[in-house]
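What follows is a set of notes on a single structure, which appears directly below.
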Amino acid sequence: MDINTRDFPARARQALGDGALRRALATSNKSFRHSRDQAVAEIPEWQALRTYGQQAKKRAVDALPTALNAFRDRFTARGGQVHFAEDAADACARVRAILERHGARRIVKSKSMVTEEVRLNQDLENHGYEVIESDLGEYIVQLAEEAPSHILAPAIHKSRQDIAELLHRHLGTAPDADIPTMTRAARVALRQRFLDADVGISGGNFAVAETGTLVIVENEGNARLTTTLPKVHIALVGIEKVLPRRRDLAPLLRLLCRSATGQQLGSYISFIGGPRRSGESDGPEEVHVILLDGGRLDLWHDPKGREALHCIRCGACLNVCPVYERIGGHAYGWVYPGPIGSVITPRFVGLGEAKDLAHASSLCGRCDEVCPVKIPLHKLLLENRAQSVEQGHVDAGAGLVVGGFARLVGSPKLWRWALALARPLYRLLRRTPVTRWGALGAWQAGRTLPSLEGPSFRQRWRRRHARGGGR
Amino acid sequence: MTARGRLLSFVGDVDTTTQQAAEGRLLEVHPSPWVASRPAAGEDLAERFRRELEALGGEWLDTAELGIEAVLAPWLRSLAEGLGRPLRVVVDPQLLTASSPVFDVLKSVAAGVLAVLPAVVPGTCGDGVPGTCATTAELAAADLGISLVDLAIAETGTLVERPRPGRPRALSLLPPHHLAVLPRCRLVAGLEDLFDHIDALEGDSEADDAFGAYFTWISGPSRTADIEKVLTVGVHGPGRLTVLWLDDALPAS
């Protein structure tokens with residue numbers, strides 16, 4: 001996906017004015033939250049489970065070099081191949097090298113955010129490969145030539161009417177087809193693609209070092225088809241997905257599936273330990289796992305940022321975020337939206353490139369409360385803000401305003417004087433649109449300023465005491 | 001951007017002793033918290049499995065009272081009647097042995113109900129392994145895939161399947177309807193118990209432990225909610241999942 005994080009303010013403003021998008025997001029977020037809350041309520045020990053998940057991911061990420069080493073050894077011993085990719089270009093080149101060796105042309109993909117991160121589809125298409133997304137939501141956004149807007153439900157920004165028109169044009173279904181009809185049409189169209197594909201490309205939820213096993217969680221069956229039918233399977237996985245102990249899978253799968261979709265478990269969970277064995281009549285003959293750095297090592301080396309690598313990509317923080325719910329995933333301008341996106345995107349694409357994202361938060365902390373592995377998201381957002389300032393990505397004007405405010409609140413006399421002056425000014429500002437006045441206009445636009453009712457607290461306090469004190 | 005080789009040197013070529021010691025620390029046991037969703041001691045696991053399966057949209061065929069012949073034969077006949085033609089079935093070779101009660105039923109209803117596929121006939125496939133290797137094309141054309149599950153988890157209504165020589169991975173995936181044969185002895189209580197049982201299974205080959213090349217957990221039919229969060233079944237995998245419950249009999253394999 002192209003990096004459009006610089007345009008965040010403009011994209012967010014545009015999204016805010018899009019009524020259809022706002023309705024779609026409100027409905028989907030409510031549905032996501034409802035399912036998750038129900039599933040969590042079934043487990044009275046949920047908080048203890050979260051603490052366990054937090055500790056398990058901390059153990060895994062802190063021991064990343066050891067765990068990666070062990071995963072490479074075990075997975076290779078099972079006949080699989082492990083590659084380490086430094087960045088997007090490296091990852092794409094490694095995929096292409098495998099495709100070239102097999103003379104592959106047709107590629108089928110199951111959902112993977114890492115492949116979005118490295119712009120794999122664009123890279124492969126530029127090199128003449130035919131790439132088809134097979135997750136229903138990903139297939140829809142691919143047909144629409146858009147990007148996914150939610151890490152779990154890529155087409156959640158589109159209404160069923162939008163999708164019906166899209167499939168009418170591409171698959172010839174009725175322009176007002178219902179959801180089961182559209183789903184069946186997609187099944188039929190994609191089934192042949194699976195049968196014809198030379199190579200299947202997937203992501204991965206966990207890479208278990210102890211056993212050398214790649215774990216993929218899904219609901220549709222497209223990841224199973226992607227990793228079963230083509231002769232070659234390539235998985236792109238972030239290095240932070242390595243898990244030392246397979247026993248941590250049970251609690252982490254509980255946390256992931258309940259937080260993501262409110263299910264006890266995804267419909268299909270595949271445990272892949274290398275290529276097919278002798279005597280098997282299907283399954284890939286070669287399995288490659290490409291482990292991507294892509295900015296993760298920098299984050300790992302930053303003690304104040306490392307916790308962001310604990311993320312298991314459940315999407316729960318998106319579904320409770322008041323900012324995400326109003327602007328949707330595309331406004332964020334890159335692969336990962338919502339609170340976790342605002343935390344990791346600036347680390348992956350550069351703080352200067354995405355300095356506004358850390359401010360796309362009201363710091364309400366709901367994301368912290370639902371995170372299944374207890375990532376302190378709002379603390380990490382504040383850390384991004386701090387680092388933005390340290391690296392000089394903040395306007396001089398903002399510095400002046402904040403410095404001036406610090407002076408004001410540092411002196412009671414100055415503060416009282418400013419308040420006395422501010423009250424009539426504020427009343428004027430409320431009545432007068434000042435959109436032409438640069439920063440002040442931008443601040444005023446989109447805000448409904450509350451009215452100042454009656455005298456100030458200080459004035460009332462003084463009057464009460466003048467009347468004889470106390471009550 | 002990052003210097004070439006940075007990630008490789010991060011992972012490093014650690015000497016075996018250091019690596020083993022570091023891994024040993026990582027593998028220390030941290031007991032995971034008990035969660036109430038795990039079946040309690042004494043809970044009827046079959047009942048729990050059935051409840052979870054049905055909540056997921058799966059179907060339960062109980063042979064405990066009437067016996068397998070009286071349950072499976074009419075069920076197969078009604079599927080064939082619904083289609084208006086013989087049912088194209090692919091069967092797990094483990095169920096195609098002389099002592100398998102499922103095989104007896106398949107033989108008894110075959111005429112006019114089951115289409116004769118190579119896969120219904122025991123034989124040998126790749127490398128001379130006994131079994132019936134349905135091709136991917138045959139699986140894609142089948143109406144029903146019948147498999148013997150390796151393990152099942154009562155807590156979540158989950159079936160666990162490992163591929164075997166002669167049993168394709170796509171047997172429970174490509175046909176639109178999956179019939180999973182589940183004997184009671186293969187049912188375990190919760191997720192955590194499953195890992196103990198997997199350890200007890202034999203590996204696929206001398207080189208592999210039970211974690212092997214591949215296994216898959218199946219919880220209900222294939223589903224999606226990608227359009228407006230509306231649940232729809234049967235998007236890529238089977239839209240119908242039926243579990244044939246064998247209360248005591250374990251088909252000999």
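Given Cβ point charges of +1 (Lys, Arg) and -1 (Asp, Glu) and nothing else, what value in debye, to the nearest 20, does the dipole of the protein assembly as shown about its Cα centre take? Don't skip to the end; give the middle numbers.
Numbers: 87 positive and 85 negative charges, 1043 e Å.
Roughly 5000 debye for the protein assembly as shown.
So which cysteines in chain A don't have a second cysteine's C-beta under 4.7 Å from them?
Singleton cysteines: A:C92, A:C257, A:C311, A:C314, A:C321, A:C364, A:C371.
Any idea what the dipole of region B:1-104 comes to, in debye rounded to 20, about its Cα centre with Lys/Arg Cβ at +1 and Asp/Glu Cβ at -1?
On the way: 10 positive and 16 negative charges, 119 e Å.
With only Lys, Arg, Asp and Glu charged at Cβ, the dipole is about 560 debye.
Name the lysines eligible as straight-distance cross-link partners of A:K57: C-alpha to C-alpha under 23 Å, and not fewer than 8 places from it in the same chain.
Straight-line reach from A:K57, under 23 Å: A:K111, A:K241, A:K304, A:K374, A:K379.
In region B:2-76, which trypsin sites (Lys or Arg not before Pro) are in a loop and have at most 12 other Cβ atoms within 10 Å, using DSSP for the loop call? Mind dumping the intermediate values first?
Working: sites: B:R4, B:R6, B:R25, B:R48, B:R50, B:R51; in loops: B:R4.
Answer by residue number: B:R4.
Only counting other Cβ atoms within 10 Å, I'd like A:S361, A:S278 sorted with the fewest neighbours first.
Numbers: A:S361 23, A:S278 11.
Placing the least packed residue first, the sequence is A:S278, A:S361.
Of the residues B:I227, B:I198, B:I218, which exhibits the maximal mean-square fluctuation in a Gaussian network model of chain B defined by a 10 Å Cα contact cut-off?
Between B:I227, B:I198, B:I218, it is B:I227 that shows the largest mean-square fluctuation.
Which longest run of chain A has no exposed loop site in it, a site being GluC sites (Glu not before Pro) in a DSSP loop with at most 15 other beta carbons within 10 Å, and the site itself not part of the run? Working shown, then result.
On the way: sites that count: A:E42, A:E45, A:E145, A:E146, A:E285, A:E453.
Longest site-free region, per DSSP loop and neighbour criteria: A:286-452.
By counting other Cβ atoms within 10 Å of each Cβ, how are B:V91, A:V401, A:V40 ranked from fewest to most? Let's see the in-between values first.
Details: B:V91 29, A:V401 12, A:V40 20.
The most exposed by this proxy come first: A:V401, A:V40, B:V91.
Provide a whole-number value for the mean count of partner chain Cβ atoms within 10 Å of the Cβ atoms in peptide B:16-27. Don't skip to the end; give the middle numbers.
Numbers: counts 1, 0, 2, 5, 2, 1, 7, 10, 0, 4, 13, 7.
Average per residue, whole number: 4.
Just checking the output field for A:85-96: average partner chain Cβ neighbours within 10 Å of each residue's Cβ? Kindly include the intermediate steps, with their values, before the conclusion.
Numbers: counts 1, 8, 5, 1, 1, 4, 0, 0, 0, 0, 0, 0.
If you average over the peptide's residues, the count of other-chain Cβ atoms is 2.
Using a 10 angstrom cutoff on alpha carbons, build the Gaussian network for chain B and name the most mobile of B:V89, B:V243, B:V71.
The residue that fluctuates most here is B:V71.
If you average the C-alpha positions of region A:24-87 and of region B:164-183 separately, how far apart do those two centres end up, in angstrom?
Here the two parts' Cα centres lie 28 Å apart.
May I ask for the angle, rounded to the nearest 10°, between helix B:68-83 and the longest principal axis of chain B, with both axes built from Cα atoms and the value confined to 0 to 90°?
Here the helix axis deviates by roughly 80 degrees.
Could you state the angle between the C-alpha long axis of helix B:101-113 and the longest principal axis of the C-alpha atoms of chain B, as a value from 0 to 90 degrees rounded to the nearest 10?
Between helix and principal axis, roughly 50 degrees.
In whole Å, how far is the Cα centre of region A:274-345 from that of region B:46-101?
40
When you have a sec, figure out the Kirkwood radius of the protein assembly as shown from all distinct Cα pair distances and drop it here in Å to one decimal?
27.7
Take every DSSP beta bridge whose two residues both sit in the protein assembly as shown, then give the antiparallel share in percent to the nearest 5. Could the numbers behind the result be given before it?
Numbers: 24 of 72 bridges.
Here the share of antiparallel DSSP bridges comes out near 35 percent.
How far, in degrees from 0 to 90, does helix B:191-200 lean away from the longest principal axis of the Cα atoms of chain B, to the nearest 10?
It is inclined by approximately 90 degrees.
Of the candidates B:G24, B:G84, B:G212, which one comes out as most mobile in a Gaussian network treatment of chain B with C-alpha springs shorter than 10 Å?
Maximum fluctuation in the GNM of chain B, among the listed residues, is at B:G24.
How would region A:43-294 be classified by its alpha-carbon gyration tensor: rounded, prolate or oblate, with rounded meaning a/c under 1.5 and the a/b versus b/c comparison settling the rest? Numbers along the way, then the final one.
Values: a/c = 1.81, a/b = 1.26, b/c = 1.44.
Here region A:43-294 falls in the oblate category.
For chain A, what is the mean residue ellipticity at 222 nm derived from helices alone (per DSSP H run of n ≥ 4: -39500 (n - 2.57); sum divided by total residues; nearest 500 deg cm²/dmol)?
Details: 22 runs with 248 residues, N = 471.
The per-residue figure over chain A is -16000 deg cm²/dmol.
Only the coordinates and a few stated rules stand behind these numbers; no lab work does. Everything numeric here is computed off the predicted structure, so don't read it as measured data. Every residue, glycine as well, gets a Cβ built from its backbone with ideal geometry; the counts of neighbours run over all protein chains shown.
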